[in-house]
1. Out of Ser454, Ser495, Leu522, whose Cα points farthest toward the positive end of the dipole of segment 449-526 (charges: +1 Lys, Arg; -1 Asp, Glu; placed on Cβ)?
2. If R₀ is 45 angstrom, what is the calculated FRET efficiency for the pair Gln324 and Gln68, using the beta carbon separation as r and rounding to 0.05?
3. Mean shadow of segment 428-482, computed from the convex hull of its alpha carbons, in nm²?
4. Mind checking the per residue accessible area of segment 5-100 for me, 1.4 Å probe, whole number of Å²?
5. In nm, give the distance between the simple-model label positions of Asn82 and Asp390, each being 7 Å from the Cα along the Cα-to-Cβ direction.
6. If I fit a long axis through the Cα atoms of helix 316-326 and take the longest principal axis of the Cα atoms of the chain, what angle between them do I get, 0 to 90°, rounded to 10?
7. Under a 1.4 angstrom probe, counting protein chains only, how are Trp253, Trp312 ranked by accessible area, largest first?
8. In whole percent, and with a 1.4 Å probe on the protein chains, what portion of the accessible area of segment 328-427 is carbon and sulfur?
Amino acid sequence: SLASTAITCFTRGLDLRKGTEDVLCPANCPLWQFYVFGDGVYASLSSICGAAIHRGVITSAGGHVRVQTLPGQENYPAVNANGIQSQVLSKWASSFSVTAGTKNTALEAVGRSVSTARPSTGKRPKKTLDKKAGNKDCKADVAFLIDGSYNIGQRRFNLQKNFVGKVAVMLGIGTEGPHVGVVQASEHPKIEFYLKNFTAAKEVLFAIKELGFRGGNSNTGKALKHTAQKFFSLENGARKGIPKIIVVFLDGWPSDDLEEAGIVAREFGVNVFIVSVAKPTTEELGMVQDIGFVDKAVCRNNGFFSYQMPTWFGTTKYVKPLVQKLCSHEQMLCSKTCYNSVNIGFLIDGSSSVGESNFRLVLEFVSNVAKAFEISDIGSKVAAVQFTYDQRTEFSFTDHVTKEKVLSAIRNIRYMSGGTATGDAISFTTRNVFGPVKDGPNKNFLIVLTDGQSYDDVRGPAAAAQKAGITVFSVGVAWAPLDDLKDMASEPRESHTLFTREFTGLEQMVPDIIRGICKDFLDSKQ
């Protein structure tokens, strides 16, 4: 009978050489470390022992498995089975299936010795874990947008793949390090793999090697826009608060326009780099639609985001300087958007004229505005103060650093009921809520919600708030006098003052407030 080969927990289908092979899986593999893609038919990137447990062929006690190589396919599904969650993969070049193998006593001993070699104590496992974690100092989610057009041709396409592979390895990919994916630009863009598909450099290298050349026009603008819009979703593995980066490789020049794509990328908070190889010669410039294509597409036209290589040959020396750029997250000027770089303080009228049921509508308005922003310890922050004659800080900017917690804190605000001293409340909020964050990186906004006349002066306190760098929006309901609202609002007052007769009208004002905040944020960045 065939001898079984003893393998490790991490041996993958693509590590085997024969069409059919009998293997012996060790015992006690840590289930959470398995990478398995598919169900029944597994992408060859999957761990064999992981797939065998997922399929129910063996348990975590290990055992004999027969592996059968199969052709590649599209859409490997994610299925949870036997304690292992397999993952989705849109396409892979080869697959395998697993069935129960035959026992072979001769190799039983070898199998055992492999399994007992699993790390229990000692120093070694620490090292492998660190390798798995990657370079934690490099904060980046990177899409390599490679050139797959006829401009570059098959041969230079392969050199481009080698270069991208070297950059990927040097970045230090890992669970806690940079994550990368690849999109190929040609006639139509194609996302080859996402950030979430691989978290080890080995796997990424293999996936890059497997990429096929597509050919066609170099519609880089179309591909850049598509990548900015579709690639960095949370479902596809983008991580909150990590800079989003697209590195566009361009051989020669694009067939389409990059300007609109550059605008879309900036709106989405994506930092665009352009690596141009073999720049157009003076004779060729006549064929280029827009000579300034690099400046239009990069995040900022400050020299940092454009990178030039004379040819695809001998590019090794260009790897490290590019990696250093990609890892300097404080230079990623486009990561900051109005959604992730603002502090919004809500000043909520709790006077007795509001009433319990209308107070709920006010809280709903506050929630709906807060919901639009990316709230995290390194992103946007929200605070709330309720006032009558007194003020009560419901929660400060540092109390809740996730959107879920902020929304739940808003829901739990209890109605105070009492008089209306809006001026005092603005002073209190400027000092106690915005004071601690005034030197922080975020832009500060105060939204005052009131339904009536204030008993005190609002003009002085509002002017002091604005002088402290806080942009004030005033939102009035019912009996709130327009003069008061305008006196509180930042310039231009028309666009910072909102009014509705009924509390039910607050809902329609949510988009206006969000747009107003984003407009002010962008104007302040010019």
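1. Leu522
2. Numbers: r = 45 Å, r/R0 = 1.01.
My answer for the efficiency is 0.50.
3. Values: hull surface 15.6 nm².
Convex hull of Cα atoms, orientation-averaged projection: 3.9 nm².
4. Dividing the accessible area of segment 5-100 by its residue count gives 41 Å².
5. Calculated label separation equals 6.3 nm.
6. 30 degrees
7. The ordering from most to least exposed comes out as Trp253, Trp312.
8. Accessible surface attributable to carbon and sulfur in segment 328-427 totals 48 percent.
The values are calculated or read from the model by the stated rules, or taken from the named source; none is laboratory data. What you see is a predicted model; the values in this text were computed from it and never measured. Cβ atoms come from the backbone with ideal geometry, glycine included; neighbour counts cover every protein chain shown. Accessible surface is based on the protein model in full, side chains and every heavy atom, while ligands, DNA and RNA are left aside. Shrake-Rupley method; radii C 1.70, N 1.55, O 1.52, S 1.80 Å.
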